[in-house]
Amino acid sequence: MSGDQRFFDFLKERIGLDVASVGAAIIERAVRQRSTLSQAAHADEYWQLLLGSRDEQQALIEAVIVPETWFFRYPESFATLGKLARQRLAELNNMRALRILSLPCSTGEEPYSIAMALLDAGLKPHQFKVDGMDISPLSVDKARRAVYGKNSFRGQDLDFRERHFMAEQDGHRVNEYVREQVRWHVGNVLDPSLLANEPAFDFVFCRNLLIYFDQPTQKQVFEVLKRLTRVDGVLFIGPAEGSLLGRLGMRSIGIPQSFAFSRHNDSHPEPLPTPKPIAVPASQPPRSIPPAPVRNRPFAAVTALPVTKKSANPDAATLLAQMAALANEGKSAEARVACEQYLRSHEPVAQVFYWLGLLSDVAGLTLEAQGYYRKALYLEPQHPEALMHLAALLQAQGDSAGARRLQERAARSGRTADSERKR
């Protein structure tokens, strides 16, 4: 039932989701789940229910969307935002408040992080306003409640939690003065009239979304984002989307790890000094390998293949955990050192080459990134993240056929993994 093309087409039309980008197994599982819960006897019955019920349409979308985010994800972006916001206010001579948009905002961690970052940068509450928007009413409702569990707090630096949260029985609640800085909306980025009556924004955050659309939808969404961003504004994106924005007429503002872009022909902020790399710590407590940027997407992800076989050498496990922590915290130079250290002293594994590819990708070293992704796929032919990142690079270079082949491989891998989990 669930492999019916009608359901793929419905999600493509409603939320722009390209089935090849996430794998058919994700959508098939969501359709099976909703069909069972609605007690539909067969595919046609569920299809008719879907067509006749806006509530069921939203329920299917909710079953596909999986919020996966945390506070101050990509921390350099928020540090950059604070610096650029101070510059922008000085240019405006404080004549108006800054406007910032987070789209999609998921369960609210990003908009609240924006507000906290600006308050910590010295801005007063009357100097800025943040808007958070998501297609999911359930996610927006959770954002409004503003209570978060431990999964929303990752990384080593959690000082912000002491400053901006109150501990409660169910987790930590965002303080009222932060909550007051954020307005919430339910909306669809595919809507060409989205926020049409609102002034454009100084800064727009749209992370890890465009890579899940096909080329026509990417262009459609980009036009909406461009309209929502001031001509002299800045667009913050996900690490894997830089090549795509370059093809669509944007350029990096030149601040490492900020993932911030402006228009090609417009004035943009002068690049800030690059922070000096720091040494990799001698040891860090082992932690579970965190998801790479592409896996932490707004759509449900196929369970990844194991990172590597269990190593008898404890140093190998420690280095792998170090690489994960450093890459997840945006410390590219230190993460690269850890990767190279691993390759000097241990047998090569796919995940290390994948991280090197991702680090090169973020730095704009496209050919180098391709080489590393291909090495990862040589060692692990169905490595899901390497497949999707390499596909995104090929797509940005105009090799649609090559990109589609890699996307199909990733989709097949997802279906196989899903089938094995049922056994």
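The values are calculated or read from the model by the stated rules, or taken from the named source; none is laboratory data. Note that the structure is predicted; figures quoted are calculated from it, not measured. Ideal geometry is used to build each Cβ from the backbone, glycine not excepted, and the neighbour counts take in all protein chains shown. Surface accessibility is based on the protein's heavy atoms, side chains included, excluding ligands, DNA and RNA. Shrake-Rupley method; radii C 1.70, N 1.55, O 1.52, S 1.80 Å.
Values computed for the structure shown
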item	result
Unique match (being more than 30 Å from Glu13 (Cα to Cα), of a type in the set (Gly, Ala, Ser) and in contact with a helix residue (DSSP H, G or I) (Cβ under 9 Å, 6 or more places away or on another chain)) among Ser102, Ser136, Ser113	Ser113
Any hit, the range 231-245, residues being crowded, with 17+ Cβ neighbours inside 10 Å, farther than 30 Å from Gly402 by Cβ, in contact with a Phe, Trp or Tyr (Cβ under 7 Å, 6 or more places away or on another chain) and at pLDDT 90 or above	yes
Cβ pairs under 7 Å, 6+ apart, first in the range 337-353 and over 17 Å from Glu385 (Cα atoms) and open to solvent by 70 Å² or more (accessible area, probe 1.4 Å), second aliphatic (A, V, I, L, M) and modelled with pLDDT of 80 or more	Gln341/Leu319
Every pair of residues 6+ apart whose Cβ atoms lie under 8 Å, when the first sits in the range 92-121 and is on the phi > 0 side of the Ramachandran plot while the second is open to solvent by less than 10 Å² (accessible area, probe 1.4 Å) and part of a helix (DSSP H, G or I)	Ser106/Ser139; Ser106/Ala143; Gly108/Ser139; Gly108/Val140; Gly108/Ala143
Count - residues of the range 78-105 that are open to solvent by less than 20 Å² (accessible area, probe 1.4 Å) and part of a loop (DSSP other than H, G, I, E, B)	2
Residue match in the range 62-73 (condition: part of a helix (DSSP H, G or I) and of a type in the set (S, T, N, Q))	no
Residue check, Arg173 in contact with a Phe, Trp or Tyr (Cβ under 9 Å, 6 or more places away or on another chain) and modelled with pLDDT of 95 or more	yes
Qualifying strands (runs of 3 or more DSSP E) (wholly inside the range 114-222; at least 1 residues being open to solvent by 30 Å² or more (accessible area, probe 1.4 Å) and out of contact with any Gly (no Cβ under 6 Å at 6 or more places or on another chain))	128-134, 165-168, 171-174, 182-186
Subset of the range 354-376 that is of a type outside the set (A, V, I, L, M, F, W, C) and under 20 Å from the mean Cα position of the chain (by Cα) - its residue that is surrounded by the most Cβ atoms within 10 Å (Cβ to Cβ)	Tyr373
Complete set of residues in the range 11-53 that are at pLDDT 85 or above, open to solvent by 20 Å² or more (accessible area, probe 1.4 Å) and under 20 Å from Leu190 (Cα atoms)	Lys12, Glu13, Arg14, Leu51
Yes/no for Gln395 being in a helix (DSSP H, G or I) and at pLDDT 80 or above	no
Yes/no for Leu379 being under 16 Å from Leu244 (Cα atoms) and open to solvent by 20 Å² or more (accessible area, probe 1.4 Å)	no
